[in-house]
Amino acid sequence: MLVEEVEHWWRGAYQMLVARGVTVDWDCFRMVFMEKYFPESVRHAKEAEFMWLHQGGLSVSEYAMRFEHLAHFYSQAISEAWKCKKFAEGLKYELKKVVVLMAITEFPILVEKAKIVERLEGGNRVIRAAEGPAGSKRGSESQRKPYDRPQPSKGVLRCYRCGGSHLIRDCPHTESRCFRCQQMGHVSFNCPTRSRPERSTQRSDAHRADTQRSSVQRTETQRGDRPTTAGRVFALTGAEASTSSDLMKGKGKAAGKDVMLLFDSGASHSFISYACVAMLGVFVCDLGLRLLVSTPASALVVASELCVGCPIVVNEKKYKVNLICLPLVDIDIILGMNWLSANRILIDCANRRLIFPQEEDELLISASQAESWLRDG
């Protein structure tokens, strides 16, 4: 059963398929669904990730789970013996040198043996740490000097949040310091002492602000002290957006100014570029959590700021949209599935146009709304 945004997408896709005279059966649905939510480029990326997979810092259990998940995307037939060999080759050296000699050809047994070796190696490390380095003598402590001069530390500690002489993980402040006016509670990007620049300089200031925000986002990710949720968007740049036929570009107005809009039914939220925020001069507040935004072509991007109720005009209709700030390039605003679904707007990819609901359709209400109104009298 399809729910929420997928149901909304399939309703629109089904209407367009029927209009073209296509017979809609299970094979047709599966092909359209895979093209929409799991394109071939993503499958190839998963297959490449499987071929290069190594244990690294993962435990054997985590490595085995990741291995089996990615193995589903390998395009060739996999025998049990080959699977065991591939898994063993990716283990850490201290585990691989023991497991490979066992010549196990059954995958579940191989994983269990690797877990046992991992536990034994962990116990050996604890014993070696307690006994000290090999070859050391108990009497060596009496040969030490009664006082060893501590070595001076190299460099000076500097907190990248407040500028103090401590690590950021020990910083007592929860807000960032502005490097422009040295006050807490905001960053130089939206500093109140900054005079409003011309449009040409706003873009360069926004670029510098993007760089500062990226460093703040990396440190906040390391802290891990805020709730985290996931999001997705197809493209962060105009070049990436031009590679997909499922996306639609258009012009509109935001806060009374002309902007470039991207309509993306694959985006979980709606977004605005930092450069556009600077151009419009709209207020930005804290999102209250860390949103990890993923794209098929780029790495994860951390978003933590929100533009609340930004006034947008599309097709001569006015909307108030909550926009999450992202470092977009050549794109001002992305209107995602949350906006499309809430306003019951469909994307006709074949004709490159938006389908807006008719006036009579706007009077329809959902079953949950009807139950709520009846309950309230």
Express the relative contact order of segment 231-356 as a whole percentage, based on alpha carbon pairs under 8 Å and six or more residues apart in sequence. 33
Going through the cross-link list LYS251/LYS320; LYS46/LYS92; LYS86/LYS113; LYS36/LYS253; LYS36/LYS86, which pairs have a Cα-Cα distance over 26 Å in this structure? LYS36/LYS253; LYS36/LYS86
Pseudo-spin-label distance PHE29 to LEU300, built 7 Å along Cα→Cβ, given in nm, is 3.3
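In segment 47-110, which chymotrypsin sites (Phe, Trp or Tyr not before Pro) are in a loop and have at most 12 other Cβ atoms within 10 Å, using DSSP for the loop call?
TRP52
Every read-out reported here was derived from the displayed coordinates using simple, explicitly stated rules and does not represent laboratory data. This structure is a prediction, so every number in the text was calculated from the model and none was measured. Positions of Cβ are backbone-derived with ideal geometry, glycine not excepted, and every protein chain shown enters the neighbour counts.
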